[in-house]
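The next block holds one structure in the form of C-alpha cells; read it before the comments.
Please treat every number below as a calculation from the coordinates, not as lab data. None of these values were measured; they are calculated from a predicted model. As a convention, Cβ positions derive from the backbone with ideal geometry for all residues, glycine included, and neighbour counts pool all protein chains shown.
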Amino acid sequence: MGDIGFTEKQETLVKESWEILKQDIPKYSLHFFSQILEIAPAAKDMFSFLRDSDEVPRNNPKLKAHAVKVFKMTCETAIQLREKGKVVVADTTLQYLGSVHLKSGVLDPHFEVVKEALVRTLKEGLGEKYNEEVEGAWSQAYDHLALAIKTEMKHEE
Ligand code: HEM
C-alpha cells in the first residue's frame, strides 16, 4: 500500500471549498443535479425525486440531501486520507450505501458521471478560486470514497 500521498494542502483546499459551497445548498444542489442529467439524461429514472417531474425540482429535501452527502462525505474522506492514509467509513454506513445504490440500479460508470458533476459544481461555486489543484484534491478523495462504495456493492451482489 504505502503512502497514498494526500497532502495537508489538499485537505485544506477541499475543506475551504466545501465551506464556500455550503453557503448556498439550494443553488449548488440544483446545479449538481442539473449537471448529472446533462451528462447522463437516463440517470433521471434512478432518483425517486426526479422520476416524476420534467424539471429538476427546486428545494426538494431528498435532492439536497443527496447532493450534501456526496460533497460532505468526500470532504470527510479527504480528512481521513490525510489523517489515516485511507478511507474509513463505518461498516454500517458502508453497508447502507452499498445496498441503497445497488437497489437503485447504480452502476460503476455512474460514479464517473457524479464526479464530473461534482467538478463542474465546484467550478461554478468557486469562480476564480477554482484551479486544477482544487479539482485534483476533490477527485482524489472522491475516487477513494467511490471505490469503497463500489466494492461494497460488489460484495452485496
Ligand atoms: C441514495 C450517498 C453516488 C444514486 C444515496 C444515499 C446516500 C448516498 C447517503 C441515501 C439517501 C440520502 O441520504 O440522500 C452517495 C455518495 C456517493 C453517491 C456519498 C458518491 C461518493 C451516487 C451515484 C449515483 C447515486 C454515482 C448514480 C448516479 C443514488 C440514488 C439514491 C441514492 C438513485 C436513492 C435516492 C432516492 O431515490 O431517493 N446516496 N451517493 N449515488 N444515491 Fe447516492
Selected from Asn131, His101, Ser17, residue furthest toward positive end of dipole (the range 8-156; charges at beta carbon): His101
Under the span-like rule (Cα at least 15 Å along the axis, Kyte-Doolittle mean at least 0.0), DSSP H helices of the chain: 25-39
Loop-located GluC sites (Glu not before Pro) in the range 1-86, at most 13 other Cβ atoms within 10 Å (DSSP): Glu55
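If you filter the range 13-110 for trypsin sites (Lys or Arg not before Pro), then keep DSSP loop positions with at most 11 other Cβ within 10 Å, what is left?
Values: sites: Lys15, Lys22, Lys27, Lys44, Arg51, Arg58, Lys62, Lys64, Lys69, Lys72, Arg82, Lys84, Lys86, Lys103; in loops: Arg58, Lys86.
Passing both the DSSP loop test and the Cβ count: Arg58.
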Nearby lysines by direct alpha-carbon distance to Lys84 (threshold 27 angstrom, same-chain neighbours under 8 apart not counted): Lys9, Lys15, Lys22, Lys69, Lys72, Lys115, Lys150, Lys154
Chymotrypsin sites (Phe, Trp or Tyr not before Pro) lying in DSSP loop within the range 82-157, provided at most 16 other Cβ fall within 10 Å: Tyr130
